[in-house]
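A.B. asks: What follows is a structure written as structure tokens; I'll ask about it next.
The values are calculated or read from the model by the stated rules, or taken from the named source; none is laboratory data. Please read all numbers here as calculations on a predicted model, not as lab measurements. All Cβ positions, glycine included, derive from the backbone under ideal geometry; neighbour counts span all protein chains shown.
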Amino acid sequence: MPTSTRGFASMDPEKQRAIARKGGESVPNDKRSFSQNHALAAEAGRKGGLSVSPQKRSFAQNHELASVAGRKGGHASHVARKPPSAAE
């Protein structure tokens with residue numbers, strides 16, 4: 001079955017990145033990253049948590065699971081970080 005030559009997924013990866021970069025640049029700096037604005041991150045987390053039924057909120061029912069996930073996230077966010085380039 002032939003694949004389509006139309007659409008985002010069929011573009012070469014560099015062109016996809018260029019388009020995605022434009023989307024990221026359209027977001028104001030103060031809202032670009034939760035790491036820069038912890039209050040924004042907390043509010044987003046609350047909104048996301050409210051959209052899940054209480055029976056399915058595993059972190060609310062299992063605090064050890066939440067702790068482990070938080071530690072993993074903290075470690076992951078510091079491992080692959082690249083130094084800022086001169087252009088930034």
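A.B. asks: Suppose we keep only residues that are small (Gly, Ala, Ser) and surrounded by fewer than 10 Cβ atoms within 10 Å (Cβ to Cβ) within the stretch 10-29. Which one would you say is nearest to Gly73 (Cα to Cα)?
C.D. replies: Among those that are small (Gly, Ala, Ser) and surrounded by fewer than 10 Cβ atoms within 10 Å (Cβ to Cβ), it is Gly24.
A.B. asks: Quickly run through the stretch 60-88 and pick out the residues that are at pLDDT below 60 and of a type in the set (S, T, N, Q).
C.D. replies: Ser85, the sole residue that qualifies.
A.B. asks: Inspect all residues belonging to the stretch 7-14 and state whether any of them is at pLDDT below 85, part of a loop (DSSP other than H, G, I, E, B) and out of contact with any Cys (no Cβ under 9 Å at 6 or more places or on another chain).
C.D. replies: Scanning the stretch 7-14, I find no residue that is at pLDDT below 85, part of a loop (DSSP other than H, G, I, E, B) and out of contact with any Cys (no Cβ under 9 Å at 6 or more places or on another chain), so the answer is no.
A.B. asks: In the stretch 35-54, what count of residues is obtained for those that are farther than 23 Å from Gly24 by Cβ and surrounded by 11 or more Cβ atoms within 10 Å (Cβ to Cβ)?
C.D. replies: Here the count works out to 2.
A.B. asks: Only one of these is surrounded by 12 or more Cβ atoms within 10 Å (Cβ to Cβ) and modelled with pLDDT under 70: Arg57, Arg32. Name it.
C.D. replies: The match here is Arg32.
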